[in-house]
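Comments concern the structure below.
The values are calculated or read from the model by the stated rules, or taken from the named source; none is laboratory data. Predicted, not measured: the structure shown is a model, and the values here were computed from it. Neighbour counts run over all protein chains shown; Cβ positions are idealised from the backbone, glycine included. Accessible surface is based on the protein model in full, side chains and every heavy atom, while ligands, DNA and RNA are left aside. Shrake-Rupley method; radii C 1.70, N 1.55, O 1.52, S 1.80 Å.
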Amino acid sequence: MHSPTPTDTLAADTDPLGRERSHLAASRAALKAMREDVEALDLRDVAGTWVSAQVLQRQVDERIKALADLAHTPLFFGRLDYLHAISASESEGGGGERFYIGRRHVHDADGDPMVIDWRAPVSQPFYRASRTEPMDVAKRRRFGYTGGELTAYEDENLSDPDEADTRSALLAAEIEKPRVGPMRDIVATIQPEQDEIVRADVTGTICVQGAPGTGKTAVGLHRVAYLLYAHRERLARTGTLVVGPNRSFLRYIEQVLPALGELDVAQATVQELVGHVEVRGADSAGTARIKGDARMARVLRNAVRAGITLPTEPCVVVRGSRRWRVPAYELEEIVRELMAREIRYGAALEALPQRIAHAVLVKMEQGGEAPDDRVQDAVARNAAVKATVKACWPAVDPVKLVHRLLGDADFLAAAADGVLDAGEQAALLWAKPPRSARTAPWSAADAVLIDEAADLVHRTPSLGHVVVDEAQDLSPMQYRAVGRRCTTGSATVLGDLAQGTTPWATGSWPEALHHLGKDGAHVEELTQGFRVPGEVIAYASRLLPAIAPGLAPATSVRDLPGSLALRHVPDGPEGLDGLDAAVLAACRTALGHEGSVGLIAADARVPALAAALTAAGLPFLDPGTETTAEARLTLVPASLAKGLEYDHVVLDEPAAIVAGEPDHRTGLRRLYVSLTRAVSGLTVLHAQPLPAELA
């Protein structure tokens, strides 16, 4: 492998780095020409109507956006030199072919490729080829960039048995590069085990258990980009969704997909998915745990069907001078059949009047009449039929149903009979039932219950693929809410059992996948970290026996001595003379290094630290806000730290982070998350004793 220095380049007979820079410039010019060609399209003679004109213009606008050249993002990051020709046009020559691997396809004026999309099959050996399995690759070249400028290259002669197998220096530098701005994509650094997940078939669901720094979130996003490339027509029709834990997290990751050429992927939190009501209240941990229990699905099913009543009176339909009578026993047969079919409550409600009308038509035919479909529709709208339907199968409003369930002890007892015990039922009931659903103090867990009830009434539309990140924090009922959005599609589930910080956090992935409706999905475990330094991850892993006993400790490819600093701050007067002053000093030191800085603290400590930073003249950002060269410090409440990463992290008072959670184990998990956000350095400051589990 060779990373040329300026001296190397000058001493060589040719100028390989110069040629690569020329190819980069030519590729950027070709991309600009592709964009200008689209911008110059005249749609006036193509569109037949103003509607089609609008549709075509929108497609053109999206194409123009997709062809944008991101100045500080390398257009290509690698090159493959094949031993033999791949395309038919080149096969007659007998030689190999060369492909530049980048973020999107670029072709010249003749249509010949100058850059190949990283998702194309021909690009796959860039990630998977090795000396033991070169995949017909003679040479793999990696490129190094600084601010969008190509500055170095490095070769691996995969088919040369005499070349030593050493770690890529450019790959290591790219992984460890300090970051200012949104979450970096990993497209240039995908490892073989990550590539297998990214390119897994769209029809299957895959679950990734990933330790901190293993790139599971980026892998999930790259999988979305790959699936949209490989199955664009299918997923354009059925839709793709990324589900994240909170809006700050989604803002943090939303810049990755555009850099990969994908602009239109929906993003939402679970709460936004189930936004049937305004959330104004909060549950205790115990009540939230019960509301999130999968048994609530049975309770809701019972509640939805509680109003079904078997008919005891006939239905008499008057048409003109004749009366048509459907006896009670026949109506009962119809109702029982609909109950046994287990179709959605609303679908049965729509079918019942038609079934009764059909029974009437049979009697009309027996009476010598010849009714048609229009007569059946008219009979289905008859007042007598409507009255029978209302009495037997009343309409259900999901919001009002859950409102009654949480406010009416007798109704809840009937629906929860044999499912929840008396204590659990009591925990669900509002202390003071609100007068109406509109004024109810709905909690986040209540909204999920309403979503379940809504699905029992009318089936929730399914998407083609759903990615759910930080999945370990979902309750069984939340898994069901996500799962019904991909009942006919597939899912990518990302998470880390050790980072579960909710009282109902997932105990195991098979259990979670069962609630998601994806039993038998493949579970892949990523334990090798590429971002968090080994010293930091080893320290955080001391917590694993207490928070996730069955989980293998993570390792790191990065040995960065001095990346961890533990500092005890002696007791002193409150304010800037104590812990606050030490935190400010640590932040200033961290800002002296390149890259982003995160100050992570217990939620209760954030207001005091915000005031201290402001008084000290240190500007800071909120989580999820894009950092810039002028503002690189982010103040992060521990509850929002999950999924974020910073080059340098200052961690304030671990004991306060643990104490801020409802139970000790959840507190330790929150601390584990906070300890593993650093990419280059972690400074832990504490006045109180550290948790015993870190000893």
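Points worth noting:
- Anisotropy class of the chain from Cα gyration tensor, a/c 1.5 cut: oblate
- Inter-label distance, nm, simple model (7 Å from Cα along the C-beta direction), Asp37/Arg63: 0.9 nm
- Summarising the label geometry, the points placed 7 Å from Cα in the beta-carbon direction at His568 and Glu278 lie 5.1 nm from one another.
- Tilt relative to the chain, helix 16-39 - C-alpha long axis, 0 to 90 degrees, to 10: 30 degrees
- Reachable aspartates and glutamates, given that their alpha-carbon falls under 12 Å from the alpha-carbon of Lys216 and they are not under 8 places away in the same chain: Asp185, Glu193, Asp195, Asp469, Glu470, Asp496, Glu524, Glu525
- The accessible surface of the chain, taken with every protein chain in place and a 1.4 Å probe, is 52 percent carbon and sulfur.
- Label-point separation in nm, Ile343 to Arg323, each point 7 Å along Cα→Cβ: 3.1 nm
- Helix 579-591 axis versus longest C-alpha principal axis of the chain: approximately 60°, rounded to the nearest ten.
- Surface per residue (accessible, 1.4 Å probe) for the chain, Å²: 45 Å²
- Prolate/oblate/rounded label for the stretch 556-657 (Cα gyration tensor, a/c 1.5): rounded
- Per-residue [θ]222 nm for the chain (sum of -39500 (n - 2.57) over DSSP H runs n ≥ 4, rounded to 500): -12000 deg cm²/dmol
- Candidates per trypsin sites (Lys or Arg not before Pro) in the stretch 309-388, loop by DSSP, up to 13 other Cβ within 10 Å: Arg341, Arg381
- Between the residues Val466, Val122, Leu228, the greatest Cα displacement towards the positive end of the dipole of the chain, with unit charges on the Cβ of Lys, Arg, Asp and Glu, is found for Val466.
- Calculated FRET efficiency for the pair Ala120/Arg19, C-beta based, R₀ 22 Å, to 0.05: 0.45
- Across the chain, C-alpha contacts under 8 Å between residues 6 or more apart give a mean separation that, scaled by the residue count, equals a relative contact order of 13 percent.
- Length available on full extension from His522 to Glu369: 0.36 nm per residue minus the Cα-Cα distance, which gives 49.1 nm.
- When all protein chains stay in place and ligands, DNA and RNA are ignored, the 1.4 Å accessible-area order of Asp373, Asp61, largest first, is Asp373, Asp61.
- Loop sites in the stretch 356-433: GluC sites (Glu not before Pro), DSSP, at most 16 other Cβ within 10 Å: Glu369
- Beyond 32 Å in Cα-Cα separation lie the following of the pairs Lys139/Lys518; Lys65/Lys139; Lys363/Lys390: Lys139/Lys518; Lys65/Lys139.
- The stretch 287-359: equivalent-ellipsoid semi-axes (sqrt of 5 x gyration tensor eigenvalues, Cα, Å): 35, 11, 10
- Of the residues Thr287, Thr614, ranked by 1.4 Å probe accessible area with the largest first, the sequence reads Thr614, Thr287.
- The GluC sites (Glu not before Pro) of the stretch 265-346 that DSSP puts in a loop, and whose beta carbon has at most 12 other beta carbons within 10 Å, are Glu278, Glu342.
- Shape category assigned to the stretch 267-414 from the gyration tensor of Cα positions, a/c cut at 1.5: prolate
- If the chain linking His107 and Thr146 were pulled fully straight, counting 0.36 nm for each residue of separation and taking away their Cα-Cα distance, it would gain 11.6 nm.
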